[in-house]
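Visitor: The structure under discussion is supplied below as structure tokens; questions concerning it will follow.
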Amino acid sequence: MKKLFLLLFLIIPVHAQMGDINNRYLLAQSYEQAGEIKKAKEIYEELFRIQPQNPSFFSSLNNALVALKDFDKSIELLNQRIKTYPQEINLYGMLGCSYFLSGNEKEAGDIWLNTAKSLSKNESSFRVIANYALSVRAFDYAINLFKEAKNFYNNLALNYDLANLLMITMNYKDAAEEYAEIISKDPNQIYSVEARLQPYLAKEDVVK
């Protein structure tokens, strides 16, 4: 019985602390949703100090810093995280975004490209990084990533991704060449290519 009371004595404060942490996190999220980002950031900082290994606290803190345009602190936070998790590709994607939004586009592009090449396990690695570039509307860098991926992997999905992105950015000539390459690799793709082109064929510049 004494052992049971001792065990309860040790467990109850831990559960109470966890409950308080969760409540603080919910409070920070409510502040964030209400547009009070600075208040949310202060709580996220507090929670991250308590549990630096918690990915949710880390991600929320970085998002708050970016929302506040405090890109220097975001970059510092991400670089520290990368030291602990050097193989986590998403961290480099986020780091590139912070550099890009801070105005240092070249550094962002270098980080994205070098990461995709060095941590590449398959074509999805390039796609993950390209999606980060697209999230900050860095279209040229995303296009470059897909082009680079084609040098490593012979996958029609990459051709389609690149062609679609080129169409969206109105690089119609390059997109047409990409679709032509798809058909040359696999003539059976002609119907899929036609279906993808159909929505654009009402535009005169696309037809040309």
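Visitor: Only residues that are of a type in the set (Val, Ile, Thr) and either open to solvent by 60 Å² or more (accessible area, probe 1.4 Å) or without any contact (Cβ under 8 Å) to a residue 12 or more places away in the chain (or both): list them for the range 178-197, please.
Guide: Here is the first cut: in the range 178-197, the residues of a type in the set (Val, Ile, Thr) are 182-183, 190, 193.
Passing the criteria: Ile183, Ile190.
Visitor: Looking at the structure I just gave you, is Asn159 open to solvent by less than 90 Å² (accessible area, probe 1.4 Å), touching an Asp or Glu at 6+ places or on another chain (Cβ under 9 Å), under 26 Å from Ala108 (Cα atoms) and among the polar types (S, T, N, Q)?
Guide: On the way: open to solvent by less than 90 Å² (accessible area, probe 1.4 Å): yes; touching an Asp or Glu at 6+ places or on another chain (Cβ under 9 Å): yes; under 26 Å from Ala108 (Cα atoms): yes; among the polar types (S, T, N, Q): yes.
In short, yes.
Visitor: Separate question: When you look at Phe139, is it buried (at least 18 other Cβ atoms within 10 Å of the Cβ) and either of a type in the set (Phe, Trp, Tyr) or within 16 Å of the chain's Cα centre (by Cα) (or both), yes or no?
Guide: Considered against the rule, which asks whether it is buried (at least 18 other Cβ atoms within 10 Å of the Cβ) and either of a type in the set (Phe, Trp, Tyr) or within 16 Å of the chain's Cα centre (by Cα) (or both), Phe139 comes out as no.
Visitor: Among the residues of the range 97-126, which ones are of a type in the set (Lys, Arg) and part of a helix (DSSP H, G or I)?
Guide: First, pick out the residues of the range 97-126 that are of a type in the set (Lys, Arg): 106, 117, 121.
Scanning the range 97-126 gives Lys106, Lys117.
Visitor: Do you know which residues across the range 135-150 are in contact with a Leu (Cβ under 8 Å, 6 or more places away or on another chain) and of a type in the set (A, V, I, L, M, F, W, C)?
Guide: Within the range 135-150, Val136, Phe139, Ala142, Ile143, Leu145, Phe146, Ala149 meet the criteria.
The values are calculated or read from the model by the stated rules, or taken from the named source; none is laboratory data. Not measured: the values here are computed from a predicted model. Quick reminder, even Gly has a Cβ in these numbers, built from the backbone with ideal geometry, and neighbours come from all protein chains shown. Surface areas here come from the heavy atoms of the whole protein model, side chains and all, with no ligands, DNA or RNA. Shrake-Rupley method; radii C 1.70, N 1.55, O 1.52, S 1.80 Å.
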